[in-house]
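What follows is one structure encoded as structure tokens, with my remarks underneath.
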Number of protein chains: 2
Amino acid sequence: MTAYPFVPALREPQGSPIRELFRYLSDPEMISFAGGYPSAALFDAEGIGAASAQVLRDRPAECLQYGATEGAPALRSALVALMAERGAVVAADELLVTTGSQQGFDFLVRTLVEPGSVVLVEEPTYPATLQALRLAGADVRGVPADHEGMDVDALEAMLADATLRPRLIYTVPTFANPTGATLTLARRLRLLELVARYRVVLVEDDPYGALSFDGPPPASLLALCAQVPDARPWLVHLASLSKTLAPGLRIGWMIAAPEIVRRAVIAKQVSDLCTPPWIQLTAAQYLQAGRLPGQVATEVAFYRDKRDRLAAALRAAFGERIRFALPAGGMFLWAALDGVDDASTLLPHAISEKVLFVPGTGFYAVRRARAAIRLSFAGTDAAQVDEGVRRLARAAARLDAVTKAGG
Amino acid sequence: MTAYPFVPALREPQGSPIRELFRYLSDPEMISFAGGYPSAALFDAEGIGAASAQVLRDRPAECLQYGATEGAPALRSALVALMAERGAVVAADELLVTTGSQQGFDFLVRTLVEPGSVVLVEEPTYPATLQALRLAGADVRGVPADHEGMDVDALEAMLADATLRPRLIYTVPTFANPTGATLTLARRLRLLELVARYRVVLVEDDPYGALSFDGPPPASLLALCAQVPDARPWLVHLASLSKTLAPGLRIGWMIAAPEIVRRAVIAKQVSDLCTPPWIQLTAAQYLQAGRLPGQVATEVAFYRDKRDRLAAALRAAFGERIRFALPAGGMFLWAALDGVDDASTLLPHAISEKVLFVPGTGFYAVRRARAAIRLSFAGTDAAQVDEGVRRLARAAARLDAVTKAGG
């Protein structure tokens, strides 16, 4: 081993717990509820290909040359229009195109977080967020959450603690990863009041908001800022086309105060300089052509059906033994089984039965609740859902047998 | 102003000195020697478009779904083959696809640099490198360079200084930005011996190497590692298709020891997760189709002609007053004018005459030599070169008049 002077967070590199499961996906018999991938069967390759060919034909130099770090003007305009449809008035200098919304969070971390800075994240949360914060040397503290999202009373107690002074608060308030939970309106308003009062940057990560199964999605924290004085400067909204159009395009965007955007632009200059302009113009063309609403409607119908099917199959297989709240959108169902105190003990049995899920522990910064599992209903077809749940039931039976034998 | 707790490097955000000049580019009468952009007139939009359409047709899900953070296997194989043509044997686990080669440097910084870490850069150097290091809080020290590249004696003195212990050394050894200089073979071998002896990571940034005007390009530091025992683990090679195919694709790659690549993958997971797979597959298809060598030959002929034309025009306009070394490749000519001690005083006159260049000061971390200017010959056509130099001569005459009047 060569003795490289790696930064502390990378001396013992830890990959994502989900990535660890990837190697099992090469088994063609495996049914996976593990990934956070949208269904490739739904991709509008034809519409995307047509948009791409058109912009390359019409504006080859703009597609292939370096572009502005802030993003292509055509895409920024299209995204401002999209945000207006979602109830948020956004100025051009409040919007930065990012290479996936994950990159927007990374820029925020670089802009606001130093080694030792306290950052509050709702728990459980998105593992890559935890990884980004660990890499930056942040002191990550968990804020508890339940089926109605972040516990704002607990948050307030942490904000009132003068020893903490967090640099950032991170939440996925709508159809959260991993829990599927949605923050209630009352909590949304309270959360905005808190960040205005305590003057702390709040990150609303919103990749799933458009995938609302039961009517229009709830108003985003960004849209609700209009109702809460002084909240808007503290709110950073991250969004993406990954879950609605296609993740492979890597098109995300950040909406924040111009002072924050200006710093994020500098972080982007030292990172990828600009998101590939050709893809930006392709996305702009696609949005302007008005194809997104129909595409989203197709996805919503498909995912809603999968959610219902998964919930019914779980109820049929596990009866009262399984506990979960039905997600109102997104891709994830978060469940716990009575008698399974540590879901990672269930995983090897599931792998033997050729079904994958993600044990809950990887989604925690601190608390490490062990019982829950994350099931994605986005990447499987109906028959796979049914068969996958049967396999899960067999895996649980195997674990029960081992537990009984050992206990 | 809202009092955000920005990290120290961003409290007073400083953009790139080149970016500052962008606003003048909207003037259609402006002739620019300022940008580091390749000529858009040369882009092979047809070949790129055909490759893109083919991979989307053949492998839509792979194009549009999330991809492996390390890069698409097809592109990694194509890049390993490209590096073999360039004289370097590279294993798959030594190669990471990046969203432009700038991103590779960014990952290295995240992997190896902490606030206060010493980093050595040849001076003058690429401004975005300086910006990335400043953002990371590095203690940047300049290593002098001349028309034969980095001064390896000066470097050795710094490496021997036990108080410095640099985490990284950064160089653009071939057709450097901004100087156009190329490190001699003797210095290359000595540099590799030094990093092997002092056990310090050396970054070879090689965006321009393929653009060699006078015969094949010099052997890269990476290729020369085969001749220097123990050097290879310390060498990180960054390369890109930006200057040979198209910058808008944002396809770069890093070649490094597997231990370093593994950490860079974690940095990429928290950044953009993966470089857009569709573009990766497009680039792989383009490379496999064998179109790159012809494209590079076209560019080399075009840029060589421009270099010659610019050099001749400068000599004709300024005679013995101008000093420069003829670059053997790349895009830049670095010049100084007798009687102009600070090129930033020439710039306003140049802007009045509607010609742009980049004053040399922005390329220095420390030394701040003021006399030189960087002229890019890549983005102008022949008539613009001639007219641009005439304007530059008029700007110099204006400055002379002011200097005389003031002195």
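None of the figures in this text is laboratory data; all of them are computed from the coordinates on show. Every value quoted in this text rests on a predicted model; they were computed, and no experiment measured them. Here the Cβ is made from the backbone with ideal geometry for all residues, glycine too, and neighbour counts use every protein chain on show.
Taking a cut-off of 24 Å, what percent of all Cα-Cα pairs in the range B:48-290 are separated by more than that?
I get 43 percent for the Cα pairs in the range B:48-290 exceeding 24 Å.
What is the pair-distance distribution P(r) of the range B:184-275, computed from all Cα-Cα distances in 10 Å bins starting at 0, with each bin given as a whole percent?
Per 10 Å bin, starting at 0, the Cα pair percentages come out as 15, 41, 32, 12, 0.
Hey, for B:D146 with labels 7 Å out along Cα-Cβ, what do the inter-copy distances come to in nm, ordered shortest first?
Nearest to farthest, the other copies are at 7.5 nm.
Could you derive backbone 3J(HN,Hα) for the range A:365-371 from the dihedral phi with the Karplus parameters 6.51, -1.76 and 1.60 (θ = phi - 60°), listing whole Hz in sequence and x where the residue is Gly or Pro?
Those phi angles translate into 7, 10, 5, 6, 5, 10, 6 Hz.
Is there a quick way to get the dipole size of the protein assembly as shown? I mean about its Cα centre, with the Cβ of Lys and Arg at +1 and of Asp and Glu at -1; what is the value in debye to the nearest 20?
It comes to approximately 300 debye.
From the label point of A:D93, set 7 Å from Cα along Cα→Cβ, how far away are the matching label points in the other copies, in nm, ordered shortest to longest?
5.0
Please give the FRET efficiency for A:S344 paired with B:A61, using the beta carbon to beta carbon distance and R0 = 41 Å, rounded to the nearest 0.05.
0.85
In this model, which of A:K243/A:K268; A:K354/B:K268; A:K268/A:K354 are farther than 32 Å apart at the alpha-carbon?
A:K268/A:K354
So which DSSP H runs in chain A come out at 15 Å plus along the axis (Cα) with average Kyte-Doolittle of at least -1.0?
Taking the DSSP H segments of chain A (at least 15 Å long, mean hydropathy at least -1.0), we get A:45-58, A:73-85, A:101-112, A:185-198, A:258-269, A:277-288, A:292-318, A:382-406.
Taking a label point 7 Å from Cα toward Cβ, how far is B:P115 from its twins in the other copies, in nm, shortest first?
Between copies, matching label points for B:P115 lie 0.9 nm apart.
Hey, which aspartates and glutamates would be in cross-link range of B:K404, C-alpha to C-alpha under 12 Å, not counting anything within fewer than 8 residues on its own chain?
Cα-Cα hits under 12 Å: none found.
With springs only between Cα atoms under 10 Å apart, run a GNM on chain B and tell me which of B:Y66, B:Y170, B:Y303 wobbles the most.
B:Y66
Positive end of the charge dipole of the range B:48-290 (Lys, Arg +1 and Asp, Glu -1 on Cβ, about the Cα centre): tell me which of B:I279, B:L120, B:G104 has its Cα farthest that way.
B:I279
Which value in Å is the Kirkwood Rh of the range B:8-69 over different Cα pairs?
Every distinct Cα pair counted, the radius reaches 16.2 Å.
How many angstrom separate the Cα center of the range B:237-272 from the Cα center of the range A:320-347?
When both Cα centres are located, 38 Å separates them.
Given a Förster radius of 41 Å and the C-beta distance between A:A297 and B:E12 as r, what FRET efficiency does 1/(1 + (r/R0)^6) yield to the nearest 0.05?
Result of the calculation: an efficiency of 0.30.
What does the convex hull of the Cα atoms of the range B:273-407 come to per residue, in Å³, rounded to a whole number?
So the per-residue Cα hull volume is 157 Å³.
Can you pull the mean other chain C-beta count within 10 Å for peptide A:52-65?
Mean partner-chain Cβ count within 10 Å for A:52-65: 5.
Find the all-direction average of the projected area of the Cα convex hull for the range A:175-233, expressing the result in square nanometres with one decimal place.
4.2
Give, in nm to one decimal, the length gained when the segment between A:Q54 and A:A186 is fully stretched (0.36 nm per residue of separation minus the Cα-Cα distance).
Computed gain between A:Q54 and A:A186 is 43.0 nm.
For the range A:348-395, report the convex hull volume of the alpha-carbon atoms normalised per residue, in Å³, without decimals.
Each residue corresponds to 74 Å³ of Cα convex hull volume.
Arrange the following residues from fewest to most other Cβ atoms within 10 Å of their Cβ: A:R391, A:R188, B:R304, B:R23.
If I rank by nearby Cβ atoms, fewest first, I get B:R23, B:R304, A:R391, A:R188.
In Å, what Rg and Dmax follow from the Cα atoms of chain B?
Both quantities, over Cα of chain B: 21.5, 70 Å.
Per Stokes-Einstein, at 10 °C and 1.306 mPa s, what whole-number D in µm² s⁻¹ belongs to the protein assembly as shown, with the Kirkwood radius over Cα pairs as the hydrodynamic radius?
57
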